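The values are calculated or read from the model by the stated rules, or taken from the named source; none is laboratory data. Keep in mind it's a predicted model, so treat the numbers as computed, not measured. As a convention, Cβ positions derive from the backbone with ideal geometry for all residues, glycine included, and neighbour counts pool all protein chains shown. Heads up: the accessible areas ignore ligands, DNA and RNA and are worked out on the full protein's heavy atoms, side chains in. Shrake-Rupley method; radii C 1.70, N 1.55, O 1.52, S 1.80 Å.
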Amino acid sequence: MQNIKTATKLNLFICVLFNRVAKKIILMLFLTFPFINGFSQTRLCSEFEADQRAEIENPDALNAKSELELFTKQFSQNNQKSEAVYVIPVVFHVLHYYGAENISKVQILDAIRILNEDYKKLNADTANIVSAFLGIAANSNIEFRLAQIDPNGNCTDGIVRTVTSETYNANDDSKLLSPSWPRNKYLNVWTANNLESGAAGYSYYPSSVSGAWGVNKDGVIILATYVGSIGTGNYNYSRALTHEVGHYLNLAHTWGNSNEPGLASNCGIDDGVSDTPNTIGHTSCNLTANTCGELDNVQNYMDYSYCSNMYTEGQKTRMRAALNSSVSGRNNLWSASNLIATGTNDGYISQICIPEPDFKYNKSLSCDNITVQFTDLTWNVDTGYSLQWSFPGGTPAVSSDISPIVSYASAGNYSATLTASNTSGSNQITKTDIIQVLNSTVGENVPWIESFEDSSFPNYLDTTKSWLIRGNSTSNWVRTNIGYDGMASLKVNNASNVAGQTSELYSPNILFAGNNPSNFFTYWVAYAQKTATDNDKLQIYISYNCGSTWLLRQTKSGATLSTNGGALVSSFTPSTTEWRMENIYIPTSFMNKANIRVKFVVTSGSGNGIFIDNINLDQLTNVENLPLSATNNLNLYPNPINNESVLVIDLNETSEVEISITNMLGQKIANYKKTFFSGPCDLPVKDILKSDITSGVYFLSVTINGKAETLKLIKQ
């Protein structure tokens, strides 16, 4: 966790590159972590800031810190030379949302292997240790084993899997979703898709989590991509866990407790270890570096050198002292009684655990007929278990295959059940209404108007007109008593959602056949930013096959989504004048389809709520007078622009497109002209500009076949 303290210039660049714009994330962008043993790294750890926060919030932290430092000093002076191997039981809490972050047991075992090689000096790259430090490279005689018995005395393989969208922005609170096992009995490791801090991982010092404040926080939290060297992991990042466990065992960075490596002032800070020379700290592998008067131990696991492969004898003593101290219960981890209680003692014969069933599926929406492949994700057991699937309304209705393929011929909402069994017992899981099949011949007719005034939304009495709400957000789409020109609208309360969570709203089918609709529709939206960096996003998709596939038609976020003139509002409730009508162009190719379906997706930036109202699909006149944003789906996103920004144009016919960009003084700074074939085109803004521009407001003018429209372009 000590890594929290390092914010290198590389990290800040990367953080900007990834557009981490939420205010609280920006405050934490010191935390990132390029890592150990490595080559090209991208993230740092965030231990320093976390420990600083702990020392402020935890009333026990400072006293525990003094107590542990005194104990460590006495332990070292008493010349403790025991070479007994300290075995530490480990539990991995895998936070996932059925993505690649649901890492395999094989990958976790690989991470355990790497930990044991590094802490017992069995890693092959010790051969690369420079001669000056070869004599003090330590076998710490610390071993890690996955727990075989859980806190309730039940069989476990040392892995707990928890389905949660928190994996996309995990923090200390996320640990509560997969509660820690007693920290005096297990080393808890949480893995996630992404951390709120922007870091690769962090862990607290034992003293920082001393007392009640730290009971549920103690342990390591780390990205799934930094676990092990296989699966989602890779060799470059595989020493990250070694580094974080070093913090867990009371090791600081080799440059001490400064905010970042590379500062000359770090020479005056000590890491509490006598045989690690003072250093400014490194983010590259310079084996001849001498930054504070003597050769730096660049290859130390507690540096960011990209080539770490050793702990010193002094660090070994400090870690073993932490494991003999009662601070945060580290001294009980390796006790004989605890090894027996956790099933990690020598000679323990592994039991066959009762399987924990889970599954995923590759499709969930379609018209008339749908074929779905289900995949078994049963955990807490490796092999030797049987499966029994139940698919009410599907064909087949039952199966015992690992990955059954099931067909649904009739319209309806369908559930699935999986039972996993072995000689130790069985468990069952049911997922309700996960498959939706729509009848392509029924639904809403054109003209279609939806103003959400019906209080039964989303489940209308006529089920063919019902809406569907999905997504991984904490606070999803809800009907609210605020409307543009009526008594109701829909809202997503982004303030209650973690940044990155999505809220999905699916319309029923809208029937085209015989209605000759126009090729666009309108809706009203209301949104205001809390801060200038808020990046809440609204996207509109359409589908002609009841949701099997989707075509993106509009994206607006942050300032371009704002409808109140750009004023920053801490809590937004729109007035009648703070709504804006949006036009969505539907490609001509969709006009010969029997129906379309619309999807509204909000991605939270943890800012204000987004409101929508008065959706209208009708046969309108004077289409030729509509702006390009309606007739050609003209859109610029993301805006404020970055290296990934694109200008979207959907041409009805092959056309000459001319684009110019002017500044606030009316001076033209870019001009672009090209003929494009009909159809959608994503034109990178950087290709239009050809060079970087300074921060400010600009105007991007698009002319297609003599018709022009100007968009505001923002560079922060």
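Scan the range 450-471 residue by residue and report those that are of a type in the set (A, V, I, L, M) and surrounded by 13 or more Cβ atoms within 10 Å (Cβ to Cβ). Result: 468, 469. Taking every residue in the range 568-580 that is among the basic types (Lys, Arg) and pairing it with any residue that is outside any loop (DSSP other than H, G, I, E, B), at least 6 positions away or on another chain, the pairs with Cβ-Cβ distances below 9 Å are 580/524; 580/525; 580/526. Check whether at least one residue in the range 161-181 is open to solvent by 30 Å² or more (accessible area, probe 1.4 Å), touching a residue at least 12 places away in the same chain (Cβ under 8 Å) and part of a strand (DSSP E or B), and report yes or no. Checking the range 161-181: at least one residue is open to solvent by 30 Å² or more (accessible area, probe 1.4 Å), touching a residue at least 12 places away in the same chain (Cβ under 8 Å) and part of a strand (DSSP E or B). Take the conditions touching a Pro at 6+ places or on another chain (Cβ under 9 Å), within 24 Å of residue 486 (Cβ to Cβ) and surrounded by 15 or more Cβ atoms within 10 Å (Cβ to Cβ) and apply them to residue 608. Does it pass? Judged against the criteria, residue 608 is not a match. With respect to the stated conditions, residue 269 fails to be of a type outside the set (Asp, Glu) and modelled with pLDDT of 95 or more.
Just to verify a result, which residue in the range 246-295, among those that are more than 21 Å from residue 322 (Cα to Cα) and of a type in the set (Asp, Glu), is most open to solvent (accessible area, probe 1.4 Å)? The extreme case among them is 294. Assess whether residue 570 counts as being buried (at least 19 other Cβ atoms within 10 Å of the Cβ) and either closer than 21 Å to residue 485 by Cβ or polar (S, T, N, Q) (or both). No: the conditions fail for residue 570. Considering only residues in the range 296-319 that are open to solvent by less than 10 Å² (accessible area, probe 1.4 Å) and assigned to a helix (DSSP H, G or I), the one that is nearest to residue 128 (Cα to Cα) turns out to be 315. Here is the figure for the range 281-300: residues that are in contact with a Phe, Trp or Tyr (Cβ under 6 Å, 6 or more places away or on another chain) and modelled with pLDDT of 95 or more total 1. Pairs are defined by a Cβ separation below 9 Å, a sequence spacing of at least 6 or placement on different chains, a first member in the range 91-113 that is of a type in the set (Phe, Trp, Tyr), and a second member that is in a loop (DSSP other than H, G, I, E, B); the pairs so defined are 92/103; 92/158; 92/227; 97/164; 97/193; 97/472; 98/358; 98/377.
Do the conditions hold for residue 217, that is, is it open to solvent by 10 Å² or more (accessible area, probe 1.4 Å), farther than 27 Å from residue 345 by Cβ and part of a loop (DSSP other than H, G, I, E, B)?
yes
On the given criteria, is residue 560 open to solvent by 10 Å² or more (accessible area, probe 1.4 Å), among the β-branched types (Val, Ile, Thr), under 26 Å from residue 645 (Cβ atoms) and part of a strand (DSSP E or B)? So residue 560 fails the test. The set of residues in the range 687-700 being surrounded by 16 or more Cβ atoms within 10 Å (Cβ to Cβ) and in a strand (DSSP E or B) consists of 698, 700.
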